[in-house]
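Contents: one structure, followed by commentary.
The values are calculated or read from the model by the stated rules, or taken from the named source; none is laboratory data. Please read all numbers here as calculations on a predicted model, not as lab measurements. In this analysis, Cβ positions are derived from the backbone assuming ideal geometry, glycine residues included, and neighbour counts consider all displayed protein chains.
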Amino acid sequence: VFNEQGEKVGENLVQKLEDNCIVNENWKSVKAGSGKSYNYYDPADTTWNQLWISNTGNILKLKGVASKDKMVLKSEIIKGEKGAYYNKITWTKNPDNSVTQLWEILDPEENLLTTAFKGIYRKKNPD
């Protein structure tokens, strides 16, 4: 995983589990951070869902939709010390088959508060 300047920011091992019903993500930053996510499609409400747990115990639950080249997942509104906000993560497939992940923090009126992460995911051994 690389930033926009081409510098490596981490590695992410992605695996399919349970007969391809779960996509498991194993993230390790070049710094100290790490975490795992479990992603699944829920046919009951036709949404994609992610449960993310970091090495510091932070938990993030996201829900949203996917189209051909993009997936957008959002958290519920969270009441923080500085006011209410929610997380929005967008994965976009790029023409070179890499994927850009954009993690934004927004207020309930959808104003951008900060960009938490932007990374470009490339396969180690492309098909």
When every residue in segment 1-16 that is touching a residue at least 12 places away in the same chain (Cβ under 8 Å) and not charged (D, E, K, R) is compared, the one surrounded by the fewest Cβ atoms within 10 Å (Cβ to Cβ) is Leu13
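Checking the conditions here, which among Ala116, Ala44 is of a type in the set (A, V, I, L, M) and either assigned to a loop (DSSP other than H, G, I, E, B) or more than 21 Å from Gly10 (Cα to Cα) (or both)?
Ala44
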Is it true that Ser75 is within 29 Å of Gln5 (Cβ to Cβ) and over 13 Å from the mean Cα position of the chain (by Cα)?
no
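If I ask for residues that are more than 22 Å from Glu110 (Cα to Cα) and either in a strand (DSSP E or B) or of a type outside the set (Asp, Glu) (or both), which ones from segment 53-84 would you list?
Of everything in segment 53-84, those that are more than 22 Å from Glu110 (Cα to Cα) and either in a strand (DSSP E or B) or of a type outside the set (Asp, Glu) (or both) turn out to be Ile53, Ser54, Asn55, Thr56, Gly57, Asn58, Lys68.
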Quickly run through segment 33-55 and pick out the residues that are among the small types (Gly, Ala, Ser) and in contact (Cβ under 8 Å) with a residue 12 or more places away in the chain.
Gly33, Ser34, Gly35, Ser37, Ser54
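How about segment 1-21: which of its residues are part of a strand (DSSP E or B) and in contact with a Lys or Arg (Cβ under 7 Å, 6 or more places away or on another chain)?
Residues satisfying the conditions are Phe2, Gly10, Glu11.
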Identify, please: which residue in segment 82-112 is of a type in the set (Lys, Arg) and either surrounded by fewer than 16 Cβ atoms within 10 Å (Cβ to Cβ) or over 20 Å from Ala66 (Cβ atoms) (or both) and is, among those, modelled with the lowest pLDDT?
Lys82
Pairs needed: first member in segment 61-74, surrounded by 14 or more Cβ atoms within 10 Å (Cβ to Cβ); second member anywhere, part of a loop (DSSP other than H, G, I, E, B); C-beta distance under 6 Å; at least 6 residues apart or different chains.
Leu62/Ser75
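Filtering segment 23-52 down to residues that are β-branched (Val, Ile, Thr) and either surrounded by 14 or more Cβ atoms within 10 Å (Cβ to Cβ) or in contact with a Ser or Thr (Cβ under 7 Å, 6 or more places away or on another chain) (or both), which residue is nearest to Gln101 (Cα to Cα)?
Going through the qualifying residues, I end up with Val23.
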